[in-house]
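Take a look at the structure below.
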Amino acid sequence: MARVNENFEKLPGSYLFAEIARRTEAYQQANPDAALIKLGIGDVTQPLVPAVVAAMHEAVDEQANAATFKGYGPYEGYDFLREAIVEHDFKARGVDIAIDEVFVSDGAKSDCGNIGDIFARDNRVAVCDPVYPVYVDSNAIEGRAGEYDVDAEAWMNITYMPTTAENDFCPALPDAPVDLIYLCSPNNPTGTALTREQLTRWVDYANDRDAIILFDAAYERFITEEGLPHTIYEIPGAKTCAIEFRSFSKTAGFTGMRCGYTVIPHELVRQGQSLNALWMRRQSTKFNGASYIIQKGAAAIYTPEGAAQVQAVIDFYQRNARVIKEGLESAGLTVYGAVNSPYVWCKTPDGMGSWDFFNKLLEEANVITTPGAGFGPAGEGYIRLTAFGEADATREAVERIKRVL
Ligand code: PLP
């Protein structure tokens, strides 16, 4: 008899955004005239920039012509894109990454979720709390998380590292032995970014223990403050302990297009094996490369005009983030994030629970947010708002919240 992967049964049932959708739907049905504003899910709203669209149109025309048609592409991505990545995302920041250390993919979610394929099942995993749920659930599916403790709302074999205002949103180095450490900066959901000093402590810690840092930099483009590291490879020693994930989703509106990349330096070796070679083997077995047309579109963001257009969209989202942060602060709330991120992480007033505050804002302000508790136990007492909405709707949402408070 074929048997299923029983780890799926252990995954907690209600997925955060499904629950938000359920509550929103129920409210809208009961109040059909309510004009809800969504500042919940982290999806972009602005269209692709003209340089990307033009590059993709050209690529479509190439695919329509026998002389320029392309079938299967390289598993690891086309050189034209990898060269642009190496040049603009790394060399321009003084970081030397080789082209064959870059693996283009259909997005950071796939790579973060699939990277476990190259690691032993008994590696011990540490995640920040609150956390982007993909890191936890993918390890649970692969059997690295142990049993799920319903009361604690946590997996027994995963080390949760509280990442809260109390520790300046930089988790303490764990006492428990850990092998795989997920870090995300700028962070989803807290919107905060790790400093050079904080990241250096993590790199030194990982190198001391031969651990691996899985560094998710999906929101790198939103960093505005001078001096913050944009890539973990700006930190000395990172090439022997870190894998970095990047995404074009929030950078260039590619959530529906699907493109990202992962960097695995050649220096990253464990038990005599190159992790770069293992990932290449994994990708060539299970992945047939990202679409040529999409990669052409992604490469266009590295041209001068593409870069300027993409920056204008990011500036637009960042203005929204500022509107949310300043508006909520003026209403007396304590707010984090927003400066280097499209996410605003807001403390609930008077110790209110995350879901209670979510309900209050849904029912009294008709604004949809995301309860922090959905990202992990230490997210309780916070809500997340996103800057990806339209400018007018964002301003209106903030005014409504201020009136309710
Ligand atoms: N990593 C983080 C921290 C995210 O928040 C997201 C998307 O919300 C992703 C990765 C997924 O990126 P992609 O769209 O490239 O799969």
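Observations
- Taking the range 117-135 as the range and being out of contact with any Leu (no Cβ under 8 Å at 6 or more places or on another chain) and surrounded by fewer than 23 Cβ atoms within 10 Å (Cβ to Cβ) as the test, the residues that pass are Asp117, Ala120, Arg121, Asp122, Asp129, Tyr132, Val134.
- Number of the condition not met by Arg144 [criteria: (1) at pLDDT 95 or above; (2) within 15 Å of the chain's Cα centre (by Cα); (3) at negative phi]: (2)
- Condition met for Ala290 (touching a strand residue (DSSP E or B) at 6+ places or on another chain (Cβ under 6 Å), open to solvent by 10 Å² or more (accessible area, probe 1.4 Å) and of a type outside the set (Asp, Glu)): yes
- Pair list, Cβ under 8 Å, 6 or more apart: the range 273-293 residue assigned to a strand (DSSP E or B), other residue of a type outside the set (Val, Ile, Thr): Ser274/His266; Ser274/Leu268
- Set Thr224, Thr251, Thr240: member being closer than 30 Å to Val49 by Cβ and open to solvent by 20 Å² or more (accessible area, probe 1.4 Å): Thr224
- Inspection of the range 69-77 identifies no residue that is outside the structural domain of Phe287 (by TED's automatic domain parsing) and open to solvent by 90 Å² or more (accessible area, probe 1.4 Å).
- Picking from residues in the range 322-337 that are in a helix (DSSP H, G or I) and of a type in the set (A, V, I, L, M), the one that is most open to solvent (accessible area, probe 1.4 Å) is Val323.
- Residue within the range 184-205 that is under 23 Å from Asp168 (Cα atoms), in the same structural domain as Lys91 (by TED's automatic domain parsing), open to solvent by 20 Å² or more (accessible area, probe 1.4 Å) and within 16 Å of the ligand (Cβ to nearest atom) present: yes
- So Thr231, is it out of contact with any His (no Cβ under 7 Å at 6 or more places or on another chain), within 16 Å of the ligand (Cβ to nearest atom) and either among the charged types (D, E, K, R) or touching a residue at least 40 places away in the same chain (Cβ under 8 Å) (or both): yes
- Within the range 248-263, the set of residues being within 16 Å of Ala300 (Cβ to Cβ) and of a type in the set (Ser, Thr, Tyr) comprises Ser249, Thr251, Tyr261.
- When Glu25, Glu62 are screened for being loosely packed, with under 14 Cβ neighbours inside 10 Å and either in the same structural domain as Ala312 (by TED's automatic domain parsing) or not small (Gly, Ala, Ser) (or both), only Glu25 passes.
- Test set (1) under 18 Å from Glu101 (Cβ atoms); (2) in contact (Cβ under 8 Å) with a residue 12 or more places away in the chain - Ala218 fails condition number: (1)
The values are calculated or read from the model by the stated rules, or taken from the named source; none is laboratory data. Predicted, not measured: the structure shown is a model, and the values here were computed from it. Note that we place each Cβ from the backbone using ideal geometry, even for glycine, and neighbour counts take in every protein chain shown. For accessibility, only protein heavy atoms count, side chains too; no ligands or nucleic acids. Shrake-Rupley method; radii C 1.70, N 1.55, O 1.52, S 1.80 Å.
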